[in-house]
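Visitor: Below is the structure I would like to discuss, written out as structure tokens.
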Amino acid sequence: MKLASKPGHCVPGELTNCRNRIAGLDVVKHPRRWDKPGAGCADTVSVMANHKSNGVKNRPEASRVRQAARELLAAVAEENEEGALSPKAYERSMREIERLRGQPLFYRGVSGGTGSGARVRLADGTTRIDFISGIGVYGFGHSDPDLLETAVIAAAGDAVYQGHLFPGAEYLKLSKALLRHAGKQMKHVWLSISGAMANENALKLILQKHAPADRVIVFEGAFAGRTLAMAELTDRPGYREGLPLRGNVLHVPFFDPNDPNSIERSVAALEAHLKRHPGRVAAMLFELVQGEGGFNTAPREFFVALMERCRSAKIAVWVDEVQTFARTGELFAYRTLDLEQYVDVATAGKALQGSAVVFRKAYKPRPGLIAGTFAGSTVGLAVGARIIERLESDGYLGAEGRIAVLGGRFERRLDALRKRLPDFIGESSGIGAMQAFIPFDGSEEIVAAIVHAAFEEGVMVFGTGSNPAKIRMLLPVNTTDEELEAGFTMLEKAIRRVAEERDLAG
Ligand SMILES: Cc1ncc(COP(=O)(O)O)c(C=O)c1O
């Protein structure tokens, strides 16, 4: 999807002396394991070395503290590169994690605690290209030197966590950075840790303002988080099985590119809810790119039609940007799509390294409604603010920015793959650093098979949506051409392998 340009916005043990033990497991010294066959990354060492000077601008002058941070990071990297778990110990660590949490690991892998750019090392010494970024968390990929320095310096300060009672400088810096990008109508910000908690805060301040209205309209396919209230706003019956429900959630279909009357259909559904529940609807919740629902996108006119109706009905326009944050070309996708005039409340998370709700003055909650012990870890707050600075100063934002360019490069590679495998690659969707496509018939089973085959070939991708299910990628915004090419080569191998194993046409 092409990005809309947005007028007037900025473009632009101990340091572990137990070197042969990791988490109580045996470690074999294997300094060259980065090139281990099977990871498909024979050139990893040189690529990683190149990554160390990642062209970061706006870096504070080297001070004694920064120098010390660099030395510490270099020592940690050296340690990490030397140790890899033996195959037996690696298997054991996976089994132990699975036993302790009572659930299998999604990927058969455990992180090795170091990486570079889109590449991450596993604890067995092999590498993967990570195109899912912890479902959106690693905005600048792995072991970014500048972010690690920021983290190390922040970690050496007063406290590991900061709260709302006695916040520090990092809290203020991040709050200001968020409001700088939220648009001038947004006057307040409240920090929290998880996306679900930010959404809980959003829901509470909306309900307080609109009381006694207590219903919320959501899109079919919505995902809002894992708390009790968010599980109900999420359109996945399996995610709320056995939970008590309030029964106050109403659904509207998301945009359907194959239906010429899609906008009218969704507006009519909204209209019907407003008529059926007069004075009882508090808000409509928007995911501008549906994260778990299939990376579905919609043209600006679709959102405008619905948001205008929400405003005329005086119900809150609430945008969940937990997954879209910093991936669509602006920090907030509602700014990428030039929708800020309509938005009352928005939430962010994941790539922010914490979470937040931003809101208009009219939504300021009365004292006591929103609090909570933790605002974020000092490291998370400092790194979140630094990520925003980097996005601003290194040309990532805007219609011509690096995120938009990455989206274009991804789409061209996917088109080329589709030409080679026309029966295997279906429709694609996404914006910027959020991209997805339908493989084969779009069954969840085939998506799962490709995701696991891709992991074995050396690239981490993930599934999204159902009917059709898709392969989704949340690319690090600084993904290089080389990483993109290597990742696509592995993905193609995985798709061909699945086709061959299942005797699918092609
Ligand atoms: C759109 C959206 N909202 C909320 C959440 C919940 O965030 P968290 O898992 O940090 O609680 C997610 C997580 O995937 C999400 O994608």
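Visitor: Please give the charge dipole size of the chain, origin at the Cα centre, charges +1 on K and R Cβ atoms and -1 on D and E Cβ atoms. Round to the nearest 20 debye.
Guide: On the way: 65 positive and 61 negative charges, 290 e Å.
It comes to approximately 1400 debye.
Visitor: Mind listing the phi-derived Karplus ³J(HN,Hα) values for region 447-462, rounded to whole Hz, using 6.51, -1.76 and 1.60 with θ = phi - 60°, and x for any glycine or proline?
Guide: So the J values, rounded to whole Hz, are 4, 4, 5, 5, 4, 6, 5, 4, 4, 5, 6, x, 10, 9, 10, 8.
Visitor: Rounded to the nearest 500, what is the 222 nm mean residue ellipticity of the chain from helices alone, with -39500 (n - 2.57) per DSSP H run of 4+ residues and division by all residues?
Guide: On the way: 15 runs with 195 residues, N = 506.
Value at 222 nm, helices only, nearest 500: -12000 deg cm²/dmol.
Visitor: Let me ask you something else. Quote the charge dipole size of region 399-506 about the Cα centre in Debye, to the nearest 20; the model charges only the Cβ of Lys and Arg (+1) and of Asp and Glu (-1).
Guide: On the way: 13 positive and 18 negative charges, 48 e Å.
Its charge dipole is roughly 240 debye.
Visitor: Also, quick follow-up: Among the listed pairs K187/K470; K361/K470; K350/K493; K88/K493; K173/K209, which are separated by more than 32 Å between their Cα atoms?
Guide: Working: K187/K470 37 Å; K361/K470 39 Å; K350/K493 30 Å; K88/K493 27 Å; K173/K209 28 Å.
Check vs 32 Å cut-off fails for K187/K470; K361/K470.
Visitor: Sticking with this one: Putting +1 on Lys and Arg Cβ atoms and -1 on Asp and Glu Cβ atoms, find which of I217, G368, G380 reaches farthest to the positive end of the dipole of the chain.
Guide: Of I217, G368, G380, it is G368.
Visitor: Roughly how compact is region 428-504, stated as its Cα Rg over 2.2 N^0.38 Å to two decimals?
Guide: Details: Rg = 12.1 Å, N = 77, 2.2 N^0.38 = 11.5 Å.
For region 428-504, the normalised Cα radius of gyration comes out at 1.05.
Visitor: Roughly what % antiparallel, to the nearest 5, for the DSSP beta bridges in region 194-369? Could the numbers behind the result be given before it?
Guide: On the way: 4 of 19 bridges.
Around 20 percent of the beta bridges assigned by DSSP in region 194-369 are antiparallel ones.
Visitor: How would you rank 368-380, 465-477, 65-77, highest first, on the average number of other Cβ atoms within 10 Å across their residues? Could the numbers behind the result be given before it?
Guide: On the way: 368-380: 17.6, 465-477: 23.5, 65-77: 14.9.
Packing proxy ranking, top to bottom: 465-477, 368-380, 65-77.
Visitor: Here is a further query. Identify, among M186, T347, M460, the residue whose Cα sits farthest towards the positive end of the charge dipole of the chain, taking +1 on the Cβ of Lys and Arg and -1 on the Cβ of Asp and Glu, with the dipole about the Cα centre.
Guide: M186
Visitor: Follow-up question, since we're still on this one. Name the residues whose placed amide hydrogens come within less than 5 Å of the amide hydrogen of T480, ignoring near sequence neighbours (fewer than 5 apart) on the same chain.
Guide: Those lying under 5 Å, H to H, from T480 are A118.
Visitor: Right, another one. Counting DSSP beta bridges in the chain, what percent are antiparallel, to the nearest 5? Before the final figure, lay out the partial values.
Guide: On the way: 37 of 54 bridges.
About 70 percent, rounded to the nearest 5.
Visitor: Along the positive direction of the dipole of the chain (beta-carbon charges: Lys, Arg +1; Asp, Glu -1; about the Cα centre), which of F166, V267, A229 reaches farthest?
Guide: F166
Visitor: On to the next question. Arranged from highest to lowest average of other beta-carbon atoms within 10 Å per residue, in what order do the peptides 143-155, 398-410, 239-251, 427-439 appear? Write out the running numbers ahead of the final one.
Guide: Details: 143-155: 21.4, 398-410: 19.4, 239-251: 12.2, 427-439: 24.0.
My ranking of the peptides, most packed first, is 427-439, 143-155, 398-410, 239-251.
Visitor: Output needed: percent of Cα pairs per 10 Å distance bin for the chain, bins running from 0 to the one holding the longest distance.
Guide: 4, 18, 29, 27, 16, 5, 1
Visitor: Under 5 Å between amide H atoms, partner at least 5 residues away or on a different chain: which partners does E427 have, H built in plane at 1.01 Å?
Guide: I438
Visitor: Still on this structure, please answer the following. Taking amide H positions as placed in the peptide plane 1.01 Å from N, state which residues far from F462 in sequence (5 or more) or on other chains have amide H under 5 Å from it.
Guide: R472
Visitor: How big is the dipole moment of region 194-369 about its Cα centre under a simple scheme where the beta carbon of each Lys and Arg is +1, that of each Asp and Glu is -1, and everything else is neutral? Debye, nearest 20, please. Intermediate values should be presented prior to the final figure.
Guide: Working: 22 positive and 20 negative charges, 168 e Å.
It comes to approximately 800 debye.
Visitor: In what order do W318, W190 fall by count of nearby beta-carbon atoms within 10 Å, going from fewest to most?
Guide: Working: W318 28, W190 23.
Ascending number of Cβ neighbours within 10 Å: W190, W318.
Visitor: On to the next question. With θ taken as phi - 60° and the coefficients 6.51, -1.76 and 1.60, list the Karplus ³J(HN,Hα) couplings across region 144-160 in order, rounded to whole Hz; mark glycine and proline as x.
Guide: Whole-Hz 3J(HN,Hα) from phi for region 144-160: 5, x, 5, 6, 5, 4, 4, 5, 5, 5, 5, 5, 8, x, 6, 9, 5.
Every number here is computed from the coordinates shown, using simple stated rules; none is lab data. All values derive from a computational prediction rather than experimental measurement. A quick note on method: Cβ atoms are made from the backbone with ideal geometry, for glycine too, and the neighbour counts reach across all protein chains shown.
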